[in-house]
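The values are calculated or read from the model by the stated rules, or taken from the named source; none is laboratory data. Bear in mind the structure is a predicted one, so any value in this text is a computation, not a measurement. Don't worry about glycine lacking a Cβ; one is built from the backbone with ideal geometry, like all the others, and counts go over all protein chains shown. The area values use the complete protein model at the heavy-atom level, side chains included, leaving out ligands, DNA and RNA. Shrake-Rupley method; radii C 1.70, N 1.55, O 1.52, S 1.80 Å.
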Amino acid sequence: MDIKENYKNPLKDIDDWEENLIERYPAPNTPKKEKEAFRNYVDSERAETVREFYRLNHINQTYDFVCKKEEEFLKFNKKEMSLWEAIDFLNTLVDDSDPDIDLDQLQHLLQTSEAIRADEHPDWFVLTGFLHDVGKVLCLFGEPQWAVVGDTFPVGCKFSDKIVYPEFFTDNPDNSNPKYNTKYGVYSPNCGLNHVKMSWGHDEYLYQIMKDYLPEPALYIIRYHSFYAQHREEAYSHLMNSKDIEMFEWVKKFNPYDLYTKAPVKPDVKALKPYYENLVKKYLPETLKF
């Protein structure tokens, strides 16, 4: 396979995959959108970019690939920043070509966290909403989009047919490797997700950065919020232990805030920032290593 093909970025916008998620998992009791209500890309073209994104993702996300990415990025030697500097850094990902919405990453994070805050959840839950996508800075360190965003799933065992576009796993080398292509693969029944390697992306990366600072439910949300094959389809319950089952109630609680709070109304960043500055200080050190 041509390595250049492996590392191209098929999405027009890094958040196209999230729009695709909303189409796959619409909010309960939400009327179905007409085609004209989605972004003003040609529908078939946009669908093909998401399909191509997952083709690359599913071919390349192998057990060995994840191990190599952990070795590369979990040294945390790319950049040292405060959370605010990281969000400013992330804001350079704003896509000026998006015809429907011009919110930067900070405003999207605030929409998520303010919805959580409005429902009077604990402050750590509000903070989780505020920072849950910060791991997308991987794109700014040269990672291809398919190794940053997208639905996540375990590697090292059989790929579930509940994962989006499962047909693309046919060309993943692990799919024909007897070490990895059985129900449990390198794992054991109900071993616990902490012992399971997930496909590489912004979820796992940010979890590893935050694991010493936030409560356990927050860490589960960060680590597994894109694991739709489990928290929507329950495809990997055979790997989960009782703690995972308990904590996934928080993951499921978070999901609607992540998917359904985007709106063109901009949050008042200036008015909100003092609250979030104090919240960040409560839980996080002055700088974080990325």
Of the conditions (1) touching a residue at least 12 places away in the same chain (Cβ under 8 Å); (2) hydrophobic (A, V, I, L, M, F, W, C); (3) out of contact with any strand residue (DSSP E or B) (no Cβ under 9 Å at 6 or more places or on another chain), VAL265 clears all except one; give me its number. (1)
If you go through region 65-78 one residue at a time, how many are at negative phi and touching a residue at least 24 places away in the same chain (Cβ under 8 Å)? 9
Going residue by residue through region 95-105, is there one that turns out to be free of Cβ contacts under 8 Å to residues at least 60 places away in the same chain and assigned to a helix (DSSP H, G or I)? yes
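Quick check: is even one residue across region 177-197 within 18 Å of TYR54 (Cβ to Cβ) and open to solvent by less than 80 Å² (accessible area, probe 1.4 Å)?
No, because not a single residue in region 177-197 is within 18 Å of TYR54 (Cβ to Cβ) and open to solvent by less than 80 Å² (accessible area, probe 1.4 Å).
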Return the only residue of LYS281, LYS243, LYS262 being open to solvent by 10 Å² or more (accessible area, probe 1.4 Å), more than 30 Å from HIS195 (Cα to Cα), within 22 Å of the chain's Cα centre (by Cα) and basic (Lys, Arg). LYS262
In region 118-132, what count of residues is obtained for those that are of a type outside the set (A, V, I, L, M, F, W, C), open to solvent by 10 Å² or more (accessible area, probe 1.4 Å) and either in contact with a strand residue (DSSP E or B) (Cβ under 9 Å, 6 or more places away or on another chain) or closer than 14 Å to LYS282 by Cβ (or both)? 2
Out of (1) farther than 19 Å from LEU21 by Cβ; (2) open to solvent by less than 20 Å² (accessible area, probe 1.4 Å), the odd one out for GLN230 is which? (1)
Which one of these does GLU286 not meet: (1) surrounded by fewer than 20 Cβ atoms within 10 Å (Cβ to Cβ); (2) within 20 Å of ASP133 (Cβ to Cβ)? (2)
Within region 148-174, the residues that are open to solvent by 60 Å² or more (accessible area, probe 1.4 Å) and of a type outside the set (Val, Ile, Thr) are LYS158, ASP161, LYS162, GLU167, ASP171, PRO173
Regarding THR128, is this residue β-branched (Val, Ile, Thr) and either at pLDDT 95 or above or over 28 Å from LEU279 (Cβ atoms) (or both)? yes
